[in-house]
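As structure tokens, the structure follows; a few thoughts come after it.
Nothing in this text is a laboratory measurement; each read-out follows from the coordinates by a stated rule. All values reported here derive from a predicted model rather than from experimental measurement. With ideal geometry, Cβ positions are generated from the backbone for all residues, glycine too; neighbour counts draw on all protein chains shown.
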Amino acid sequence: MADSDFKVRHYWERHVGDDGKPTQVPGSDLAALRRGAGRDAGDVPEMWRYYTTLQQDGRRSWRLAAEHAALTLYAVHQQSKVKPMHVSGIGLGTAMRALRLNGKFSQDAVDRRFAAAATATSFDEICLHLRGLVTQLRTIDQPLDYTRLYHDLVRWQRPEEIASVRRAWGSRYFAASTNDEPKSGGSDRPAANGGADDNRRTRTIPHQTKESATINVSQESV
């Protein structure tokens, strides 16, 4: 049963007021979450109260591993920021495309770092690469949908789904032009036909521009 069936709200989803506007995230919370970076899920007592996926039997599930990774990444991303760094509708590929077009970093360097993350061969390796990518996204105030990233990381731990997750990220990162970006910021989820659309998409490198490409959308409930 999916987390959404229980209407559980992950920590990064909770800081929205009754009026729909974001509220300040406590720095002490973010500091506690950052202590989990590079540690195994569930091994840092300061993080226990922030999980929604802890098992009573102490089992380290795929969901717990994915939530732990997302929490630590979010804490790095949101540190000292007033603007919310979790925004629904902005998948990893879309956020990284914004970084590529921003001009702050070499496009070739962004390509290499994103490719290294996409081709990681272990969960620890992809989490390490994601920390580097999120640190760069933070420098341009580019938000990311952490709920979507959480679900991507759950799926990534299933060997039969890794390729699908990679294709979904790549399809948004290597969109043919900025006109292909949907108003909502783009979906990095696989097509309903199992990714057949990805096979037809032209893998054209985006135009070499220095346009400001920070992508944002209005806050949505997840």
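Peptides 54-67, 135-148 ranked from most to least packed, by the mean per-residue count of other Cβ atoms within 10 Å: 135-148, 54-67.
Compared with the alpha-carbon gap, the fully stretched path from residue 119 to residue 35 is longer by 27.6 nm at 0.36 nm per residue. Highest-first packing order for the peptide set 27-38, 103-114 is 27-38, 103-114, based on the mean count of other beta carbon atoms within 10 Å.
Volume of the convex hull of the stretch 1-153 (Cα atoms only), normalised per residue: 117 Å³.
Once the convex hull of all Cα atoms in the stretch 63-157 is built, its volume per residue stands at 82 Å³.
The modelled label-to-label distance between residue 141 and residue 28, using points 7 Å beyond Cα along the C-beta direction, is 2.8 nm.
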